[in-house]
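The values are calculated or read from the model by the stated rules, or taken from the named source; none is laboratory data. Because the structure is predicted, anything quoted here is derived from the model rather than measured. Because the Cβ atoms are built from the backbone with ideal geometry, glycine has one as well, and the counts that use them run over all protein chains shown. Each accessible area value is taken on the protein alone, full model and side chains, heavy atoms only, with ligands, DNA and RNA left out. Shrake-Rupley method; radii C 1.70, N 1.55, O 1.52, S 1.80 Å.
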Amino acid sequence: MSEHSAPTPPARILVVDDDPTVAEVVTGYLDRAGFAVEHAADGPDALLRAGERRPDLVVLDLMLPGLDGLEVCRRLREAGPVPVVMLTARGDEEDRITGLEVGADDYVTKPFSPRELVLRVESVLRRSRGTGPTATRTVLRDADLTVDPATRRATRAGSELALTLREFDLLAYFLEHPGAAHTREELMKRVWGWDFGDLSTVTVHVRRLRAKIEDDPARPRLIQTVWGVGYRFEPRKDGE
């Protein structure tokens, strides 16, 4: 066996944007950052390329002709897990929240700094490979919930949970800190790795996570709202 391991191939990024100028700038910056970049100008072409060879991450414009970014994101997620960073117009909070709800892992608002986009892409990729801030290797458990950060698998009562990248990290963080109250600002910093940002991102992900792990998401037992503070994961006692 060779003493030197083979070099890790660059992560493959699929950029989906119908604006040639934006696409050229984004692909240029990502290429210079060391990624292998491919461009698709519309939704059908993006789905075709992703189907032929699964990218490591997709940078996806929300406003696309014909098949919009939300539908492209839904179809990408249906085909299998892939991190998505969505590009949205400034001020379109409703669309941004909808993008997070269909499975986007992060977003950048236009006009944006290409350097910021590269940093967001790098952050999401680190987390998808299990090397982010919550990179504990201990298997986490609470009653019928099991989270394995090493394999990035989560199960409930033995059935695998279909979690997005951020949902997984959020659940792992809650299980690592049972009983503690966390502000949304703290969760954004610890789970997302951001020192600032739109706090509705946290709210949306808590809502999505509740829908997947709570018996009654409208009356959550596990992820409880702490009024005036944020959220607390309440561990279950034996027999619950």
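In region 166-181, how many residues are of a type outside the set (Phe, Trp, Tyr) and either assigned to a helix (DSSP H, G or I) or surrounded by 20 or more Cβ atoms within 10 Å (Cβ to Cβ) (or both)? Qualifying residue count, region 166-181: 8. All of (1) surrounded by fewer than 21 Cβ atoms within 10 Å (Cβ to Cβ); (2) in contact with a helix residue (DSSP H, G or I) (Cβ under 7 Å, 6 or more places away or on another chain); (3) within 20 Å of Ala104 (Cβ to Cβ) hold for Gly43 with one exception: (1). When you check Arg219 against the structure, is it at pLDDT 90 or above, among the basic types (Lys, Arg) and in a strand (DSSP E or B), yes or no? Spelling it out, it is not the case that Arg219 is at pLDDT 90 or above, among the basic types (Lys, Arg) and in a strand (DSSP E or B). In region 70-114, the residue that is most open to solvent (accessible area, probe 1.4 Å) out of those that are in contact (Cβ under 8 Å) with a residue 40 or more places away in the chain and β-branched (Val, Ile, Thr) is Ile97. Number of residues in region 121-160 that are over 30 Å from Val108 (Cβ atoms), among the charged types (D, E, K, R) and either at pLDDT below 85 or part of a helix (DSSP H, G or I) (or both): the value is 1. Among the residues here, Arg54 does not qualify as of a type in the set (D, E, K, R), over 17 Å from Arg115 (Cα atoms) and either surrounded by 18 or more Cβ atoms within 10 Å (Cβ to Cβ) or touching an Asp or Glu at 6+ places or on another chain (Cβ under 8 Å) (or both). Mind checking which residues of region 182-213 are in contact with a strand residue (DSSP E or B) (Cβ under 7 Å, 6 or more places away or on another chain), open to solvent by 10 Å² or more (accessible area, probe 1.4 Å) and outside any helix (DSSP H, G or I)? Thr183, the sole residue that qualifies. I'd like to check something: does region 208-227 contain any residue that is farther than 24 Å from Arg77 by Cβ, of a type in the set (S, T, N, Q) and without any contact (Cβ under 8 Å) to a residue 12 or more places away in the chain? Looking through region 208-227, at least one residue is farther than 24 Å from Arg77 by Cβ, of a type in the set (S, T, N, Q) and without any contact (Cβ under 8 Å) to a residue 12 or more places away in the chain. Restricting the first member to region 21-49 and to residues that are in contact (Cβ under 8 Å) with a residue 40 or more places away in the chain and farther than 16 Å from Pro114 by Cα, and the second to residues that are open to solvent by less than 30 Å² (accessible area, probe 1.4 Å) and among the hydroxyl-bearing types (Ser, Thr, Tyr), no beta-carbon pair is closer than 8 Å while six or more apart or on different chains.
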